[in-house]
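Novice: After the structure tokens below, expect a handful of questions from me.
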């Protein structure tokens, strides 16, 4: 019985890995959009995280609300193919800011992001699938997604970060609404919205568009 269970588990892993490896980004230049295959990580319905979308094989893959089934390097190249210009203004030193007042906001071309899945009844804005909890009753800030760049760091360190929810030196696209230092000062925290997203493990598509 134990051998049978072990064999079944091995088959599941092999099939799952093959499924992931066969997937690819879809780039639509006419619409100025990229479709990224991903899956929901239900752990982050309750556990705070700054990662909205990370490559499942990257360093931050297990720490994200959604796990991308393709590489963040492919994502960077796809944005460049659309003609998006990266900001490349956030450095590792900026991440040491003690508060958002001391921090810096990412730059780069503006993006929008949506999530779809079977039964989603259309595109769900990223703002709706992420819960932002602002300290001291502060006002929730709409996500201001930018093409932050950070290609050299991504290529060297492979954190896997597609979408970070603050301004960050690691993510290909990050959130200008919250400068570096905001998380260090516990000004805001983020988690997935279990009332909107489907259950853990559900396949989804993340659609990122260049805002013109």
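Read-outs throughout are calculated quantities, based only on the coordinates presented, and are distinct from any laboratory measurement. Just so it is clear, the model here is predicted, and its values are computed rather than measured. Here the Cβ positions follow ideal geometry from the backbone for every residue, glycine too, while neighbour counts run over all protein chains shown.
Novice: Please determine, in degrees from 0 to 90 and to the nearest 10, the orientation of helix 72-81 with respect to the longest principal axis defined by the Cα atoms of the chain, where the helix direction is its Cα long axis.
Specialist: It works out to around 60 degrees.
Novice: Decide, for the range 163-212, between rounded, prolate and oblate: order the square roots of the alpha carbon gyration tensor eigenvalues as a ≥ b ≥ c, take rounded if a/c falls under 1.5, and otherwise choose prolate if a/b is larger than b/c, else oblate. Let's see the in-between values first.
Specialist: Numbers: a/c = 2.45, a/b = 1.34, b/c = 1.84.
Cα axes put the range 163-212 in the oblate bin.
Novice: Sort 45, 190 so that the residue with the fewest other Cβ atoms within 10 Å of its own Cβ comes first and the one with the most comes last.
Specialist: Ascending number of Cβ neighbours within 10 Å: 45, 190.
Novice: Follow-up question, since we're still on this one. Which whole number of Å³ per residue matches the convex hull of the alpha-carbon atoms in the range 65-197?
Specialist: Enclosed volume per residue, from the Cα hull, is 111 Å³.
Novice: Nearest 10 degrees is fine. How inclined is helix 2-22 to the longest principal axis of the chain, computing both from alpha carbons?
Specialist: 50
Novice: Here's another thing I want to ask about it. How many nm is it between the label spots at residue 185 and residue 27, if each spot is 7 Å from the Cα in line with the beta carbon?
Specialist: 3.9
Novice: If you average the alpha carbon positions of the range 142-212 and of the range 54-87, how far apart do those two centres end up, in angstrom?
Specialist: Between the Cα centre of the range 142-212 and that of the range 54-87, the gap is 10 Å.
Novice: Where does the chain land at 222 nm, in deg cm²/dmol rounded to the nearest 500, when only DSSP H runs of n ≥ 4 count, each adding -39500 (n - 2.57), divided by all residues?
Specialist: -6000 deg cm²/dmol
Novice: Work out how much length residue 46 to residue 133 would gain on full extension: take 0.36 nm times their residue separation and subtract the Cα-Cα distance, in nm to one decimal.
Specialist: The residue 46-residue 133 span can extend by a further 30.1 nm.
Novice: Further, regarding this structure: Once label points are set 7 Å from the Cα along Cα→Cβ at both residue 156 and residue 211, what is their separation, rounded to one decimal in nm?
Specialist: For residue 156 paired with residue 211, the spin-label model returns 3.0 nm.
Novice: Given axes a ≥ b ≥ c from the Cα gyration tensor, I'd like to know whether the range 61-108 is rounded (a/c under 1.5), prolate (a/b larger than b/c) or oblate.
Specialist: Details: a/c = 3.08, a/b = 1.41, b/c = 2.19.
Taking the square roots of the gyration eigenvalues as a ≥ b ≥ c, the range 61-108 is oblate.
Novice: Simple spin-label model, 7 Å along Cα-to-Cβ: residue 194 to residue 123 in nm?
Specialist: Using points 7 Å along Cα→Cβ, the separation is 2.9 nm.
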